[in-house]
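Chemist: So that we are looking at the same thing, I have put the structure below in structure tokens.
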Amino acid sequence: MSLRRFVPKLDFGTVVWIGLLAFLGFRLWPQVAAGLGVASSASRQAPDYQFTTLSGDTASLAGLRGKVVLVNFWATWCPPCRVEMPGFQRVYEDRKDEGFVVLGLSTDMRGEDQVREFLAERGITYPNAMARGSIGRDFGGSNMLPTSYLIDRQGRIRNEVRGIFTSVALDQAVSRLLDEEPTSGGGS
């Protein structure tokens, strides 16, 4: 009896489908993990970044302890960034009174005025600042836009999503983190 009868023959189309499914699984896992409350390998203390928003307010991540914070690196020229921003706005509007904050950090080199105009045209009202200095490196150095970090009430990065962070997954993750006791150990 030949072993060849039991080994499936893979044609080009099957290999392509397997590759596509593997890629999608790799890209979608951070979404699923955030929604399910599985801490990513990025789970660590968030850097204490101080920023001045485009509206002139000053704050720091340490000053936001006790809140659930989404830090999102983005740019006006980035199509996936444009896709996810309306969802961030919806979740922010629904959850800001419960202690959820979105902080957009624009990596644009075009200047603050063009970023302000971009945000106003799209009705984005959550706080935004320019990503200055070493903030990208301090968060772990992302070479991809958008990249988002979901930070719990104790200031720990619980989830990192490179690429689009869907509003459905974000809303589930935020709900879970808001339901945690502020002094709990969480999932780190």
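Chemist: Each residue of segment 144-153 in turn: what ³J(HN,Hα) in whole Hz from Karplus with 6.51, -1.76, 1.60 and θ = phi - 60°, glycine and Pro shown as x?
Modeler: The phi angles translate into 9, 10, x, 9, 10, 10, 9, 10, 7, 5 Hz.
Chemist: With θ taken as phi - 60° and the coefficients 6.51, -1.76 and 1.60, list the Karplus ³J(HN,Hα) couplings across segment 163-180 in order, rounded to whole Hz; mark glycine and proline as x.
Modeler: Residue by residue, segment 163-180 yields x, 5, 9, 5, 5, 5, 5, 4, 4, 5, 5, 5, 4, 4, 5, 5, 6, 5 Hz.
Chemist: For Arg44, enumerate residues with amide H under 5 Å from its amide H, sequence gap 5+ or separate chain, H modeled in the peptide plane.
Modeler: Counting only residues 5 or more places away or on other chains, the set is Ile157.
All of the numbers you see were taken from the coordinates with simple rules; none came from a lab. Since this is a predicted model, take the numbers as computed values, not measurements.
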